[in-house]
Amino acid sequence: MAKDQIVSTMFRFHSLYRIIATLSVFSFISIFCWCQFSSKCYSMNVIMMQKAKESIDLLTFPYAWNVLSFPAGPPSQILKIGVFVKKWPHRSHAGGLERHALTLHLALAKRGHELHIFTTSSPNSTFPTYPFPNLVFHLSRPTSGGYLDQAVVWEQFRAQNSTGRPFDVIHTESVGLFHTRAKNVPNLAVSWHGIAYETIHSDIIQELLRSPEERQATMMTERAMKVVEEVRFFQRYSHHVATSDHAGDVLKRIYMIPEERVHIILNGVDEEIFRPELSLGIDFKRKFGISKSRSLVLGIAGRLVKDKGHPLIHEALKQIFMENNKFQQSVTVLVAGDGPWGARYKALGANILVLGPLEQAQLAKFYNAIDIFVNPTLRAQGLDHTLLEAMLSGKPVMATRVASITGSVIVGPESGYTFSPSVEPLKKTLYKVWNDGRVVLENKGKAARQRGLQLFTATKMAAAYERLFLCISREQYCKYQK
């Protein structure tokens with residue numbers, strides 16, 4: 001009996017090994033090919049394409065659509081768009097997916113398109129209203145797991161699809177609309193804000209950072225099988241939007257989705273809200289009593305939880321404060337957000353101010369008050385909005401060296417810093433930021449804003465999505481001419 005158990009355990013181990021080994025081979029190929037058009041090579045290839053006289057087939061365009069220039073005038077066709085999103089953002093309590101849904105679809109509504117949003121609403125919460133008669137919400141109660149009730153929203157969708165004219169295009173934020181329904185919808189696009197393959201990288205990082213006292217995670221086998229499951233059911237969605245360059249490459253090379261069905265559109269944030277404005281920063285510092293004598297103000301924002309890297313930066317700051325009194329006396333750290341690590345930050349000293357969650361208007365002031373924004377995330381998936389907000393506010397950024405960030409956001413030292421996700425490299429980078437000083441950081445901030453304006457505005461993102469939706473609805477819009 002014991003022998004059988006040992007054999008069974010060894011079989012499971014070898015099966016897991018084969019899965020991870022296979023994924024690793026794909027990963028090497030993916031990263032090798034992806035690196036061919038990242039950073040400077042990426043920019044040069046895009047410039048050459050833009051200068052070419054011949055038209056570009058958008059469906060096979062291998063780079064982010066954000067680099068292209070689409071007409072700023074009224075849309076050539078008013079679209080009827082159906083949108084599935086499991087949760088609509090409420091004030092400051094919103095994740096990246098919800099913020100993306102809000103920014104994108106409000107921008108499309110402002111452009112005049114008719115949007116029908118199929119989403120959830122809890123009985124005891126108030127739902128926001130907007131001054132757009134062409135933006136219509138169809139609400140339903142969430143399932144016990146927090147998802148859209150597929151039977152209910154499908155009936156709502158069918159009723160609206162038969163009212164007036166049918167939908168020109170359907171957009172689902174991740175699995176807002178399950179693949180079991182999506183397989184029957186040819187004019188559908190799904191935006192992925194994180195896929196299982198990227199999550200494996202996050203699991204590896206967190207396992208490496210695990211202390212001896214913590215229990216070892218048992219998710220690796222399940223995560224590998226989740227990748228296999230996604231490779232199978234992703235094929236049922238007609239068009240896929242990757243929110244980072246790396247994710248786009250993974251979808252094509254590892255998930256084996258045909259290139260004409262994968263489109264890279266980087267996330268964007270509202271450039272009217274997030275912009276440099278010195279007076280906002282001065283007012284914010286005055287409000288929280290931040291002394292002008294402080295030589296450096298670091299900013300951290302988001303959910304204060306483990307997988308966002310807060311144990312990592314907490315430990316790094318704790319060690320630096322203990323070994324370098326001058327650093328502690330001259331640096332202020334502003335922490336915006338809520339979560340279990342808020343109290344731990346407060347315990348580090350009076351130079352760390354935990355502000356709680358901030359509304360967008362307050363976040364804009366927060367970014368203007370800091371010298372550099374730090375994102376220690378351990379999550380390798382998606383494209384974090386906070387980095388983009390900081391860049392558009394004219395601030396340099398410092399973040400974990402994961403593929404989605406180094407491939408799309410911090411592609412070189414001109415606009416910020418990256419570090420390996422462990423304490424010593426993070427400490428080394430924090431010291432470098434401190435030694436570089438405000439003049440260097442201001443120059444990097446200017447470069448960061450320029451990159452932000454080129455790629456990460458809500459206007460650029462909405463224009464790219466609008467063109468994709470037009471292309472899906474009519475083939476004539478799939479050709480791009482500079």
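The values are calculated or read from the model by the stated rules, or taken from the named source; none is laboratory data. Everything numeric here is computed off the predicted structure, so don't read it as measured data. Ideal geometry is used to build each Cβ from the backbone, glycine not excepted, and the neighbour counts take in all protein chains shown. Side chains are part of the model used for accessible areas, which takes the heavy atoms of the whole protein and leaves out ligands, DNA and RNA. Shrake-Rupley method; radii C 1.70, N 1.55, O 1.52, S 1.80 Å.
Look at where the Cα atoms of the range 122-168 and of the range 284-308 average out, and the two centres are 38 Å apart.
Restricting attention to the chain, close to 10% of DSSP beta bridges with both partner residues there are antiparallel.
Sorted largest first by accessible area at a 1.4 angstrom probe radius, with every protein chain in place, the residues 293, 69 fall in the order 293, 69.
Taking a straight line from the alpha carbon of residue 306, these lysines sit under 19 Å away, with near neighbours fewer than eight places off in the same chain left out: 318, 346, 427. Our summary gives the chain a relative contact order of 18 percent, counting only alpha carbon pairs under 8 angstrom and 6 or more residues apart.
Please check the chain for the longest run free of GluC sites (Glu not before Pro) that are loop-located per DSSP (anything but H, G, I, E, B) and have at most 16 other Cβ atoms within 10 Å. Longest run free of exposed loop sites: 55-212. Computed over protein heavy atoms with a 1.4 angstrom probe, the accessible surface ordering of 344, 210, 158, 141, largest first, is 141, 158, 344, 210. Accessible surface computed residue by residue for the chain, with neighbouring protein chains in place and a 1.4 Å probe, gives 46 Å² per residue. Solvent-accessible area of the chain (1.4 angstrom probe, protein heavy atoms only): carbon and sulfur portion equals 56 percent.
The distance separating the Cα centre of the range 238-281 from that of the range 329-398 comes to 22 Å.
Among the chymotrypsin sites (Phe, Trp or Tyr not before Pro) found in the range 288-334, those both in a DSSP coil and sparsely packed, with 15 or fewer other Cβ atoms within 10 Å of their Cβ, are 288.
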